[in-house]
Amino acid sequence: MIDFTINNQKVSAQPGWTVLETARYYGIDIPTLCYHESVKPSGACRLCMVELKEGDWSKLVASCIYPVQEGIDVHTETERVNNVRRWIFEMLLATCPASEEIREMAARYGVVSTQMPVHDPDQNCMVCGLCARVCEEVVGLSAIAVMDRGVHKKIGSPFLRPTDVCVACGCCVSVCPTGAMQSIFDTVRGKPAMEMTQLAV
Amino acid sequence: MSQSVETLDEIVERYPGQPEYLIFMLQDIQSTYGYISEDSMKVVCDYSGVPLTQGYSVATFYQSFRLDPRGEHEVRVCLGTACHLKGGQRIVEEVERRLNVAAGGTTEDLRYTLSTVNCVGACALAPVVVVDEEYLSNMTAKKLEKHLKTLDYDLENETKEHGHV
Amino acid sequence: MSNVSEALKIEDWRLTSAEDLKALQKQILSGRDPNRPEIVVCHGTGCLANGSEKVSDALRTALADAGIEAKVMPGIKTTGCQGFCSRGPLVLIRPGGLFYQRVKPKDATEIIEKTLLKGEPVKRLLYKDPASGDTILNEQDIPFYKLQERVVLHNIGKIDPTDIADTIAAGGYQALAKALAGMTAEQVVEHIEQSGLRGRGGAGFPTGRKWRSALKAIETKGRPVYVVVNGDEGDPGAFMDRTIMEGDPHAVLEGLILGAYALGAEKGYMYVRAEYPLAIKHLEVAMVQARELGLLGENILNSGFSFDVRINRGAGAFVCGESTALFTSIEGKPGNPRPKYVRSVEEGLWGRPTILNNVETWANIPLIIGKGPDWYKKLGVPHSTGTKVFSLVGKVNNVGLVEVPMGVPVSAIVEDIGGGVPGGQPFKAVQTGGPSGGCIPYSLKDTAVDFDSLTKAGSMMGSGAMIVMDEGDCVVDVGRYFLRFLEEESCGKCLPCRLGLSRMREILDNFSRGRGSEQDIEDLISLAQAVQDGALCALGSSAPNPVLTTLRYFKDEYLAHVNNQTCPAGVCKELITYTIDPGLCTGCTSCARQCPNNCISGRKKEPHTIDTDQCIRCGICRETCKFDAVRVS
Ligand SMILES: Cc1cc2nc3c(=O)[nH]c(=O)nc-3n(C[C@H](O)[C@H](O)[C@H](O)COP(=O)(O)O)c2cc1C
Ligand code: SF4
Ligand code: SF4
Ligand code: SF4
Ligand code: FES
Ligand code: FES
Ligand code: FES
């Protein structure tokens, strides 16, 4: 067992666990968007940041990928952590204004509005890539992937055209944390998502 | 042109069929054909044993790959720091205006592709423009336009000599 | 012992020992007369861009036409970048070092007839020092060169990088031979540790410590392990690594082979950015020639140690300079950084222990092994040993590549070597460390250029770009520039970087239009903190640096934009107007003819005026006017 503290509370973890897994085990709340038990964590959304303190010195790490270590002193609600969270939520509200899920989650953490300009009111995908990871790691098909880079990054099938590699298992739709895959799915299969989702895990 | 262009198979077979050679093959295809067509992408992915999604995400991630045919001449304006401070952005804007094409695009007559690049390592000659393989130093929009005119001239001459372009 | 032929043909040699290498060196040198004149033409990327290939062709023709006796026939040598590209094409006459600049093909005959046959200089091709106005004959007396200490660059400009005989003659591969013949792998690592060498790629991580950790990782994980050269040089405005790879490719290769020997690696990779075709070519040529000689490949110098290298051409992505993104890219995938809290010395390429070092770092290795760590430590200052190569660009008289010992003050580089800002005013700031770095204002011009002092001043060493800014450069504009660059180059994987940099840039865009408030400046700082803390890789976490340091040193300039809607430097388009000074305008009409929006009017030989409502502020008129009559305010 590996012993350390989260928010000054003593916790023990199995070797190989991450800080997030330990926190969840103890019911300590850390927000996440791009994390899902069934696939490898990818550290993309950065909502799960926590602060590690060591004397006067501290650093922020993503708890979903940070492996537990003996004696670390983890804090989940510090000023720095909350600053990162607040900005991510504000930016998400502006970039994915069409996502009900994101709005609800942000509100739970006290962010209800954003001062930033909305460029695309219909957008709801935040390109966390979870859908593509599930399709690759769980379904084993890689029918969809994260394409392009930077601000242009998006989810899709090659050449952004329907692909028959997709077997319409619906896994991607069911793991999507923002509800976006529902509509993207049409372009992957060339058929409305509703017909497929009953197959979802 | 009479010289034979290598076939797709010849290009991919330079390399072992492994994922680590995917980028090599795409680069060679791009330099032979100017862009990566959907068919060639399929061939490369099949040959190197990766899903089509990997080929496509690689080709869209890296700046040098194109999925559409390029213009006859590629004009790359440097916007690295040194070139930026010496007015590279102004050259881009001016060329966009004169060629009537946005950076990243190709003119309708498929003559020029205009793109920007972040430093070509010739910063002491800023601002730098690279036309095809040729580096042009201390450029201004005016000098560039003159240079492009000489390219057009070459083109016309070629047409006259060979009776086709 | 291999076949010692009379007329040296490299192909006939296959070196099997350190003695062989010495014998080859001796033989090459014995065939050369140090007093025979040699015409050196720079064939670096910069000089080639200025037409130096035509110059060397013309010189060859002129030599042939001059009917010189074969015995005293001067040689023509083409070299890598000599650093003073802004003066290119450069031609040097050795011995002596007579220095000709901006040489054109039509000057060739005169150079041969006057200088080589009669020993007289061609005056108009000589260098005139912009600071003192003096005309200077020889390379070694030009301040730009005189004040440098060329250690890593010692071969560049002297050897033909495409001919391994030149490298061998200059002592190349002696360090490798020494290590293979008489040093254990452990001793090689110790030497590097003792030298104090720190990585030249940006972060300044101690190289010896990195290698030591790799050895530790090998203890538990075993082999294979890999050695990798980071030749991605993405920092826009930097060309140190390009110059080294182009001008002395064997130095990088020798360093890499030494690293491979220290770790027991059989395979290495050089990741070189695609924008450097000449560097790639020279590295490839170097590898072929080294293999032929038995310095690379199977059983190097008969030592039982085998190692080979492959070049990966980058495909255009700045983020691939980041270590984990570079490995992902070599593996044939999009270059997204890996989200792992594990060091690449333990889990690097293909998940194996890997050492990744920068080009310049690798080029230092043979020097340290060859001359010993004690010699090396005498260069520079205690915590930053050795020298550093900088690309000095921007608003400075002597633009080019310079090498100095660590620890010299900023002013020594910018003012003494660089000759200061054209026009003689003090510089405004020097930006170091590129998009991840910050700036040093004129008031801190005595700051020592070493890893720790630069960091303390809020900037960083970075890879070695030094961009000199004068009063005509706007800090808001420069901040926007770097953010836009990083926004375009962000891999887009993590939210703080993908969304945060765009947001920061939008705030600065507003500033450049005179919009925004002091509250926006506060928001900018708090968002910058979130990006620094939240980003997955160092591209994002260091991206706010340029903005944060300029805010620290030039806050007034930011305030001028948001509070007074003015851009003191006269750069931000929406805050400036172009006018024509009627006192200076001669009515030559050239601006009016060039204006793309046709908004300049006036009669021939009478002062012109600009219709400010129509003006798109492209600045072409100002560039065009020969009488400096166009004003910005
Ligand atoms: C976004 C980013 C870009 C980088 N680009 C380069 C580069 O072009 N060349 C380089 O040597 N190091 C670059 N680095 C630093 C490398 O990650 C790595 O630290 C370095 O190559 C290690 O070599 P060194 O210890 O010899 O400096 C970059 C880092 C980041 C975060
Ligand atoms: S569709 Fe959903 S799961 Fe996929 S990237 Fe977008 S937000 Fe993430
Ligand atoms: S529905 Fe299609 S794209 Fe989605 S996980 Fe299943 S196979 Fe992949
Ligand atoms: S910080 Fe930027 S470049 Fe680095 S992983 Fe995140 S998005 Fe990609
Ligand atoms: S949940 Fe950890 S980064 Fe998204
Ligand atoms: S900045 Fe343009 S060549 Fe380097
Ligand atoms: S290329 Fe000739 S001096 Fe740099």
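Before moving on, here are some points about what is shown:
- Sequence ranges C:319-328, C:545-554, ranked by mean other-Cβ count within 10 angstrom, highest first: C:319-328, C:545-554
- Rounded D (µm²/s) - the stretch B:8-61, Kirkwood Rh over Cα pairs, Stokes-Einstein at 37 °C, 0.692 mPa s: 310 µm²/s
- Rounded, prolate or oblate (a/c below 1.5 giving rounded, otherwise prolate when a/b exceeds b/c) for the stretch C:145-217 by Cα gyration tensor: oblate
- Measuring nothing but how far apart in sequence close Cα pairs (under 8 Å, 6+ apart) lie, relative to its length, the stretch C:548-633 scores a relative contact order of 30 percent.
- The protein assembly as shown: translational diffusion in µm²/s, Stokes-Einstein, Kirkwood Rh over Cα pairs, 4 °C, 1.567 mPa s: 42 µm²/s
- FRET efficiency, residue C:579 to residue C:556 (Cβ-Cβ, R0 30 Å, nearest 0.05): 0.75
- Magnitude of the charge dipole, the stretch C:1-156, Cβ model with Lys/Arg +1 and Asp/Glu -1, debye to 20: 300 debye
- Projecting the Cα atoms of B:83, C:576, C:491 onto the dipole axis of the protein assembly as shown, where Lys and Arg carry +1 and Asp and Glu carry -1 at the beta carbon, places C:576 farthest toward the positive end.
- Convex hull (Cα only) mean projected area of the stretch C:41-145, reported in nm² to one decimal: 6.2 nm²
- Over all distinct Cα-Cα pairs of the stretch C:108-262, the Kirkwood formula returns a hydrodynamic radius of 19.2 Å.
- The stretch C:437-499 and the stretch C:234-299 have Cα centres lying 29 Å from one another.
- Local electrostatic count, residue C:322, Cβ distance below 10 Å [Lys/Arg +1, Asp/Glu -1]: 0
- Computed from the alpha carbon atoms alone, the convex hull of the stretch A:67-170 holds 159 Å³ per residue.
- Along the axis of the charge dipole computed for the stretch C:249-363 (Cβ charges of +1 for Lys and Arg, -1 for Asp and Glu, origin at the Cα centre), the listed residues C:257, C:301, C:324 are led at the positive end by C:324.
- Shape of chain C, Cα gyration tensor, a/c cut at 1.5: oblate
- Anisotropy class of chain B from Cα gyration tensor, a/c 1.5 cut: oblate
- Modelled spin-label separation between residue C:623 and residue A:118, with each label point placed 7 Å from Cα along the Cα-to-Cβ direction: 4.1 nm.
- Selection from C:208, C:349, C:444, by position along the positive dipole direction of chain C (Cβ): C:349
- Taking the Cα centre of the protein assembly as shown as reference, the dipole from Cβ charges on Lys and Arg (+1) and Asp and Glu (-1) amounts to some 1440 debye.
- What separates the Cα centres of the stretch B:51-127 and the stretch C:313-333 is a distance of 20 Å.
- In sequence order, calculated HN-Hα J values of the stretch B:29-41 (Karplus, 6.51, -1.76, 1.60; Hz; x Gly/Pro): 5, 4, 6, 7, 9, x, 6, 10, 7, 4, 5, 5, 4
- Distances between every pair of Cα atoms in the stretch C:348-471, grouped in 10 Å steps from 0 to the bin holding the largest one, split as 13, 41, 29, 13, 3, 0 percent.
- Counting only aspartates and glutamates at least 8 places from residue C:340 when in the same chain, those with an alpha carbon closer than 14 Å to its own are C:322.
- Cut-off under 5 Å, modelled amide H: who pairs with residue C:77 long-range: C:39, C:40, C:41
- Spin-label pair residue C:35-residue B:132: with each label point 7 Å from Cα along the Cα-Cβ axis, the two points sit 4.9 nm from one another.
- Chain C, relative contact order [Cα under 8 Å, separation at least 6], %: 11 percent
- Phi-derived couplings, Karplus 6.51 cos²θ - 1.76 cosθ + 1.60 at θ = phi - 60°, listed residue by residue for the stretch A:3-11: 9, 7, 10, 10, 6, 6, 8, 6, 9 Hz, with x used for Gly and Pro.
- Within straight-line reach of residue C:604, meaning a Cα separation under 23 Å, sit the following lysines at least 8 residues removed in sequence or on another chain: B:142, C:626.
- Treating each Cα of the stretch C:475-563 as an identical point scatterer and summing with the Debye formula, the log10 of I(q)/I(0) at q = 0.24 Å⁻¹ comes to -1.16.
- Dipole magnitude of chain C about its Cα centre (Cβ charges: Lys, Arg +1; Asp, Glu -1), debye to nearest 20: 320 debye
- Reciprocal mean inverse distance between Cα atoms of chain A - Kirkwood radius, Å: 18.2 Å
- Hull volume per residue, based on the alpha-carbon atoms of the stretch C:531-612 and their convex hull, is 156 Å³.
- Alpha-carbon Rg with Dmax, taken over the stretch A:2-77, Å: 11.5, 37
- Here's the picture: a label point sits 7 Å out from the Cα of residue A:3 along the beta-carbon direction, and within the stretch A:54-88 the residues with their amide nitrogen under 18 Å of it are A:68-74.
- Structure note, pairs C:178/C:267; C:104/C:158; A:53/C:377; A:59/A:153; B:86/C:573: Cα-Cα distances above 25 angstrom occur for A:53/C:377; A:59/A:153.
- Centroid-to-centroid separation of the stretch A:1-60 and the stretch C:554-608 [C-alpha atoms, Å]: 57 Å
Throughout, read-outs are computed from the coordinates displayed, never taken from laboratory work. Note that the coordinates shown come from a computational prediction; the quantities given were computed from them, not determined experimentally. No Cβ is skipped: glycine too gets one built from the backbone with ideal geometry, and neighbour counts run over all protein chains shown.
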